[in-house]
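Student: Below are the structure tokens for one structure; questions will follow.
Throughout, read-outs are computed from the coordinates displayed, never taken from laboratory work. The structure presented is a predicted model; accordingly, all values stated were derived computationally and were not measured. Note that each Cβ is placed from the backbone with ideal geometry, even for glycine, and that neighbours are counted across all protein chains shown.
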Amino acid sequence: MSTRVPLPYTPKVLELFRNPKNLGKIDNPDAFAQAGSPACGDVIRIYLKISRKNKEDLIEDARFESYGCAANIAAASTLTEMIKGKTTREAWEIGWNEVADQLGGLPPIKRHCSILAVGGLRRAIRHYYKENRPDWLPSDLTIAEKQALEEEEIIERLYGGKIAKK
């Protein structure tokens with residue numbers, strides 16, 4: 001008999017885990033980034049196709065690859081749905097809590113999945129503007145970006161060290 005308690009995922013998380021939207025990579029993306037750590041298995045890769053329209057950069061397509069749990073897949077799927085058709089500036093403003101809210105909530109132990117999804121998105125947007133940063137894009141890392149980095153660091157400390165010692 002297992003002593004593991006199942007996580008209380010919402011029906012939306014379970015549906016997106018079984019049938020994710022926007023799964024897969026974009027060939028020749030305009031922006032790409034990865035967030036997470038292979039040490040624990042939660043990794044999200046974000047791919048963006050961006051076009052210039054009316055002096056705005058518009059996200060035409062957003063796709064993801066995920067190596068992780070149901071919450072990881074659902075968070076990346078939801079985020080890509082949220083940003084399609086938005087400008088890069090509008091997408092930049094999305095917070096991890098908005099992603100979690102769209103999923104009907106995440107168990108506290110799985111909130112890092114929405115943090116990593118938003119962290120990956122922001123890295124992709126920074127990558128897109130690496131040569132030509134617009135005025136609205138902060139030059140310093142935002143709180144959301146720092147949260148993603150902290151999550152990755154914690155994951156590496158918790159899981160990376162254990163794996164390395166085996």
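Student: Kindly state, to the nearest 0.05, the FRET efficiency for D135 paired with N97, given R0 = 30 Å and r defined as their beta-carbon distance.
Tutor: With a Förster radius of 30 Å, E is 0.70.
Student: Taking GluC sites (Glu not before Pro) as candidate sites, keep only those in a DSSP loop with at most 15 other Cβ atoms within 10 Å, then name the longest stretch of the chain containing none of them.
Tutor: The reported range is 1-92.
Student: State, to one decimal in nm, how far the label point of T142 lies from the label point of E60, with both points 7 Å from Cα in the Cβ direction.
Tutor: 2.5
Student: Determine the gain in length on full extension of the stretch Y67-K25; use 0.36 nm per residue of separation and subtract their C-alpha separation, reporting nm with one decimal.
Tutor: Full extension of this stretch gives 13.8 nm more.
Student: Fully extended, how many nm does the chain gain between E150 and L14 (0.36 nm per residue separation, minus their Cα-Cα distance)?
Tutor: Taking E150 through L14 to full extension adds about 46.3 nm, to one decimal.
Student: Taking a temperature of 10 °C and a viscosity of 1.306 mPa s, what whole-number D in µm²/s does Stokes-Einstein yield for the stretch 11-156 with Rh from Kirkwood over alpha carbon pairs?
Tutor: Translational diffusion coefficient: 106 µm²/s.
Student: On a 30 Å Cα-Cα criterion, which of the cross-link pairs K12/K55; K21/K53; K12/K49 come out too long?
Tutor: K12/K55
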